[in-house]
Amino acid sequence: MKKRGFVEKPVPTSSDELNRMNRDRKTTFLSLSPDLAIEQINYHRPKENLVFDTGTVKYIGVNQGEFGGGLYLNEVKADGAPFFRGNIQALIPIDDDLYILSGLSHMMSSHGAIHVIRNFKTPSQPILLTLLPDAPAAALVRVGSGGQKSIVFVGSSSLMEFTPDNRIEIIAFNAFWKLLYPTTVVMQDGAYYIGMRSGIAVVDAGVYTGMRSGIAVVNTDGRPALIRYFVPE
């Protein structure tokens, strides 16, 4: 991280420090490039709709926070009802299935869900696979050593992995970034890099060997995950 202009700091824990960081109007976005290119932009930019075009139908995900959202087919009409209601956070195709991550984090509440549309080239009503204890904010697809794909997503205060269609692993929960609005997550060298207001969290879900300036949490497999925090120099 140092060669990218970031230095490691102790993970923030005090409410005063987190509230100060929450008021910082800039947030750090991580692109999905292999070299972890970092872009800093204003968090309060207009939120773009998510689009997944199958060639036969276009799925459009809308998220307007506490004002609602939904999944639309082909176009969004101001006076039209969505095909599926919910705050759409990610549209992830795996094979012939489209996984829909939805959720809302507002005030003291945070919740979400994962639905799936089978054979996405022919629209059908999304099937609920699981409710989530936290609202997803950003996601990636991880390909395991055997070729199996899973969805790793950062939540408002968590990091989880969903293996279709019946396994959820909580890598971190009640993490420090609840007030920092995580925006992106990428994976490199076995660690997850999470962009958020004021800096970057790095979560190493492998074998934990020392505290350094990080905080260790235990995931659902009993393997501790080390969380470290980096800020611009």
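Scanning segment 126-159 for residues that are more than 28 Å from MET196 (Cβ to Cβ) and at pLDDT 95 or above gives PRO126, ILE127, LEU128. Scanning segment 160-180 for residues that are under 20 Å from LEU91 (Cβ atoms) and either among the aromatic types (Phe, Trp, Tyr) or buried (at least 22 other Cβ atoms within 10 Å of the Cβ) (or both) gives MET160, PHE162. Take THR122 and decide whether it is outside any strand (DSSP E or B), more than 18 Å from the chain's Cα centre (by Cα) and surrounded by fewer than 11 Cβ atoms within 10 Å (Cβ to Cβ). When the stated conditions are applied, THR122 does not pass them. Within the option set LEU50, LEU98, LEU73, LEU128, being farther than 23 Å from ASN174 by Cα and surrounded by 20 or more Cβ atoms within 10 Å (Cβ to Cβ) holds for one residue only, LEU98. One residue stands out among those in segment 75-88 that are more than 12 Å from LEU50 (Cα to Cα) and more than 24 Å from the chain's Cα centre (by Cα): the one that is modelled with the highest pLDDT, which is ALA81.
Filtered by the rule that a residue be free of Cβ contacts under 8 Å to residues at least 40 places away in the same chain, in contact with a Ser or Thr (Cβ under 8 Å, 6 or more places away or on another chain) and in a loop (DSSP other than H, G, I, E, B), segment 136-163 gives GLY144, GLN148.
Of the candidates ASP165, ASP134, the single residue that is in contact with a Leu (Cβ under 7 Å, 6 or more places away or on another chain) and of a type in the set (D, E, K, R) is ASP165.
Filtered by the rule that a residue be over 19 Å from the mean Cα position of the chain (by Cα) and farther than 12 Å from PRO164 by Cα, segment 89-117 gives ASP96, ILE117.
The values are calculated or read from the model by the stated rules, or taken from the named source; none is laboratory data. These figures come from a predicted structure and were not determined experimentally. Note that each Cβ is placed from the backbone with ideal geometry, even for glycine, and that neighbours are counted across all protein chains shown.
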